[in-house]
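K.L.:
Just passing along the structure, written as structure tokens.
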Amino acid sequence: MLENLRLSFQGIWSHKMRSFLTMLGIIIGIAAIIAIVSTIKGTNKQIEENLIGSGSNNVDVQLYQGDWPYDLSYSSIPQGVPVITDSILQEIQDLDEVESASLYLMRQVYDGVYYQNTALSGGYVYGIDTSYFDTTGLMLQKGRCFVEDDYSAFHKVAILDEDSANAMFEGENPIGKTIEISQQPFIVVGVVTPKEKFEPVINSIEDYYTYSEDTSGKIYVPSSIWPVVYRYDEPQQLVVKATGTDTMTSAGKKSADILNSYLNVSDDTIRYKSEDLLEQAKEIQQLSESTNRMLIWIAGISLLVGGIGVMNIMLVSVTERTSEIGLKKAIGARKTVILGQFLTESAVLTSLGGLFGVIVGVILAEVISKLSATPVAISPTAAIAAVVFSMVIGIVFGLLPSYKAANLDPIVALRHE
């Protein structure tokens, strides 16, 4: 085997230009496939990060009426939707897919939140429980978090996120300042920020509307004070932290099923539903991949052409080396030895083409990323598979020339000039 490898490299090196031109089809095909696969993986990763965020694995479970979240700003409190008790919450937290869970109330506001003459237009007010920040992965940037006394004594205190703090205070320190929520005064006691700042990539107007909520600004108040600002017994929402990204769908669905089991509504369209971001990501990814698969098939044609080129050159090589083959067979070389030598040479030739193709493909993927601002993710598995596949091409298309060489009549071969 080692002797066959030595002879293969010797033969390739002695005909450098011919070997390079033979490998060119393999190099182009492999490079195109690596670049396309890297772009697909990068795009899919961006889609998943845009929808799921920075890896918090949070799933929102909200009350819906039909296909839309139940709007408490303009609708009455629905009958038959009970308050989520501690025992129901514990039932959800006991699910294998759920790491933690928290309850909250939410209202989008357009002119109900002010600091002096500055309004938080389009922002959100959240009434949260004591575990909300831990569940969602928010951490204190300045000031303090809510304490038990804030809940039990119904303190009018608020915590802002970075977006609402910047929008309302424009660089001024908000701690200790008083804001108005529905004409009720609240003292700002803290500012929170995500542990890992998530910036969605906005490439279109659709992306803007999809991710605009993330940049609108949020204000958090203790859930116990919520009825003072809005109404009593408003239906709560739920956020669960799944044990991993792959369990988000299951965690959200099972949590929604538990909440729906306690509903007693006359309107069957009122149901708790989980926000299946993972499924949304997969749908968009599949749409992207269906287009790119066609490009992979087109790139595969160049591999077929490259394989035919390898077969052609190996047939030429057999013809050139007919006397050499005859001499080897005359001194006792068996068919398997001749077959192995030419198959090894063919496999080495295409493997080198595959290796160079991977290198060119990685460079091409990076160039595409720089020019089009498209993210790429190099796949080591795809690179290894490409080299192995190119070797298989060499073996398959080298079979006919190798078989021809192995079956040459030694007498005829020695007479060949």
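K.L.:
Going by the conditions given, is residue 345 at pLDDT 70 or above and among the acidic types (Asp, Glu)? It would help to see each step written out before you state the result.
P.N.:
Numbers: at pLDDT 70 or above: yes; among the acidic types (Asp, Glu): yes.
Answer is yes for this residue.
K.L.:
Report the residue count in the range 69-110 for those that are outside any loop (DSSP other than H, G, I, E, B), farther than 16 Å from residue 227 by Cα and open to solvent by 40 Å² or more (accessible area, probe 1.4 Å).
P.N.:
7
K.L.:
Take residue 240 and tell me if it is open to solvent by less than 80 Å² (accessible area, probe 1.4 Å), modelled with pLDDT of 85 or more and either among the polar types (S, T, N, Q) or within 24 Å of the chain's Cα centre (by Cα) (or both).
P.N.:
On the way: open to solvent by less than 80 Å² (accessible area, probe 1.4 Å): yes; modelled with pLDDT of 85 or more: yes; either among the polar types (S, T, N, Q) or within 24 Å of the chain's Cα centre (by Cα) (or both): yes.
Taking the combined requirement at face value, the residue satisfies it.
K.L.:
Out of the residues in the range 201-230 meeting the condition of being modelled with pLDDT under 85 and under 30 Å from residue 154 (Cβ atoms), tell me which one is least open to solvent (accessible area, probe 1.4 Å). Please lay out each step first, then the result.
P.N.:
To start, the set of residues in the range 201-230 that are modelled with pLDDT under 85 comprises 201-216.
Now narrow it down to the ones that are under 30 Å from residue 154 (Cβ atoms): 213, 216.
On the way: 213: 76, 216: 33 Å².
Among them, the one singled out is 216.
K.L.:
Here is a follow-up. Looking at (1) loosely packed, with under 14 Cβ neighbours inside 10 Å; (2) within 35 Å of the chain's Cα centre (by Cα); (3) at pLDDT 90 or above, which one does residue 153 not meet, given that it meets all the others?
P.N.:
With respect to (1) loosely packed, with under 14 Cβ neighbours inside 10 Å; (2) within 35 Å of the chain's Cα centre (by Cα); (3) at pLDDT 90 or above, residue 153 is out only on (2).
K.L.:
Show the residue pairs meeting these rules: Cβ distance below 8 Å; 6+ apart or different chains; first residue within the range 388-405 and at pLDDT below 70; second residue among the charged types (D, E, K, R).
P.N.:
From residues that are at pLDDT below 70, the pairs are 405/321.
K.L.:
Out of all the residues in the range 111-144, which are assigned to a loop (DSSP other than H, G, I, E, B) and in contact with a Gly (Cβ under 6 Å, 6 or more places away or on another chain)? Explain how you work it out, then say what you get.
P.N.:
Going through the range 111-144, the residues assigned to a loop (DSSP other than H, G, I, E, B) turn out to be 111-112, 116-117, 120-122, 129-131, 137, 144.
120, 144 - these are the residues of the range 111-144 that are assigned to a loop (DSSP other than H, G, I, E, B) and in contact with a Gly (Cβ under 6 Å, 6 or more places away or on another chain).
The values are calculated or read from the model by the stated rules, or taken from the named source; none is laboratory data. Nothing here was measured: the structure is a model prediction, and the numbers come from that model. Glycine gets a Cβ as well: all are built from the backbone with ideal geometry, and neighbour counts include every protein chain shown. Only protein heavy atoms, including side chains, enter the accessible area calculation; ligands, DNA and RNA are left aside. Shrake-Rupley method; radii C 1.70, N 1.55, O 1.52, S 1.80 Å.
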